[in-house]
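The values are calculated or read from the model by the stated rules, or taken from the named source; none is laboratory data. Treat the numbers as computed from the prediction; the structure is a model and nothing was measured. Because the Cβ atoms are built from the backbone with ideal geometry, glycine has one as well, and the counts that use them run over all protein chains shown. The accessibility values were calculated without ligands, DNA or RNA, using every heavy atom of the protein model including side chains. Shrake-Rupley method; radii C 1.70, N 1.55, O 1.52, S 1.80 Å.
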Amino acid sequence: MIDLKPDYFVDTIYDIDLTVLKKNEINTILIDIDNTIVPFKTMEPDDKVLAWIKLLKNEGFKLCLVSNAYPRRAQIIAGRLDIPVIYMAKKPFKKGVVDSLKLIKSKNYESILVGDQIFTDIFAARLAGVKSILVEPMTTSDFFMTKIYRVFEFFVKRHLIKEKMK
Ligand SMILES: [Mg+2]
């Protein structure tokens, strides 16, 4: 049975401690789109997200979006953020995560994936040998399939404790 526990569990992307990532020799952040950086169905990342992405770039992190979203929407968001994207990533399978690492020439051991879903994001990261950060979903609206995952997720998440990153 694969361990579905994320390496870190925080409220939002803004609670991610970049100093801790650097200390752990992480130089690459793979980022889920829906309900992690933009609410489901939203096309426009807000100013706060744009500033966060800029900060990550300034801090020297390599970035790639890894999303199960369809090409058009994923590409529009990636364009706004000016970072590469792997769309239709088919998480929980690892292929999309592996492809994103190839795309930006990063290794799995120096990378971490941020996402809001245990059964897609955290699972795919684990299969690809990438560390992971679970965030709370930005909204409660989701794809139909995600709503089903959320039921099971509840039971796994119950055992997770949010704590300060170290
Ligand atoms: Mg998501």
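Is one or more of the residues making up segment 55-77 touching a Ser or Thr at 6+ places or on another chain (Cβ under 8 Å), open to solvent by less than 80 Å² (accessible area, probe 1.4 Å) and of a type in the set (Phe, Trp, Tyr)?
Yes, that holds for at least one residue.
Please find, within segment 1-53, the residue that is farthest from the ligand (Cβ to nearest atom) out of those that are among the basic types (Lys, Arg) and at pLDDT 95 or above.
23
Would you mention how many residues in segment 68-87 are out of contact with any helix residue (DSSP H, G or I) (no Cβ under 7 Å at 6 or more places or on another chain) and either within 23 Å of residue 122 (Cα to Cα) or not in a loop (DSSP other than H, G, I, E, B) (or both)?
Selection size over segment 68-87: 12.
Filter segment 6-50 for residues that are more than 20 Å from residue 72 (Cα to Cα), open to solvent by 60 Å² or more (accessible area, probe 1.4 Å) and either in contact with a helix residue (DSSP H, G or I) (Cβ under 8 Å, 6 or more places away or on another chain) or among the hydrophobic types (A, V, I, L, M, F, W, C) (or both) and give the result.
Answer for segment 6-50, where residues must be more than 20 Å from residue 72 (Cα to Cα), open to solvent by 60 Å² or more (accessible area, probe 1.4 Å) and either in contact with a helix residue (DSSP H, G or I) (Cβ under 8 Å, 6 or more places away or on another chain) or among the hydrophobic types (A, V, I, L, M, F, W, C) (or both): 14, 25, 48.
Suppose we keep only residues that are in contact with a helix residue (DSSP H, G or I) (Cβ under 8 Å, 6 or more places away or on another chain) and more than 26 Å from residue 142 (Cβ to Cβ) within segment 56-67. Which one would you say is farthest from the ligand (Cβ to nearest atom)?
Once the filter is applied, the top-ranked residue is 59.
Right, residue 25: touching a residue at least 24 places away in the same chain (Cβ under 8 Å), acidic (Asp, Glu) and within 24 Å of residue 129 (Cβ to Cβ) or not?
It is true that residue 25 is touching a residue at least 24 places away in the same chain (Cβ under 8 Å), acidic (Asp, Glu) and within 24 Å of residue 129 (Cβ to Cβ).
Among what's in segment 54-70 and is within 13 Å of the chain's Cα centre (by Cα) and not small (Gly, Ala, Ser), pick the residue that is modelled with the lowest pLDDT.
Among residues in segment 54-70 that are within 13 Å of the chain's Cα centre (by Cα) and not small (Gly, Ala, Ser), the one modelled with the lowest pLDDT is 68.
Any residue in segment 29-40 that is within 13 Å of residue 113 (Cα to Cα) sitting within a Cβ distance under 7 Å of a residue that is near the ligand (Cβ under 6 Å from one of its atoms) and modelled with pLDDT of 95 or more? List the pairs, counting only those 6 or more apart or interchain.
Once the first residue is within 13 Å of residue 113 (Cα to Cα) and sits in segment 29-40, its partners that are near the ligand (Cβ under 6 Å from one of its atoms) and modelled with pLDDT of 95 or more give 32/115; 32/116; 36/115; 36/116.
For segment 94-119, what are the residues that are away from the ligand (no atom under 16 Å from the Cβ), open to solvent by less than 30 Å² (accessible area, probe 1.4 Å) and not hydrophobic (A, V, I, L, M, F, W, C)?
Across segment 94-119, the qualifying residues are 106, 111.
Step by step: first the residues of segment 120-154, then only those that are without any contact (Cβ under 8 Å) to a residue 24 or more places away in the chain and of a type in the set (Phe, Trp, Tyr), then the one that is most open to solvent (accessible area, probe 1.4 Å). Which residue is that?
Applying the filter and picking the extreme gives 144.
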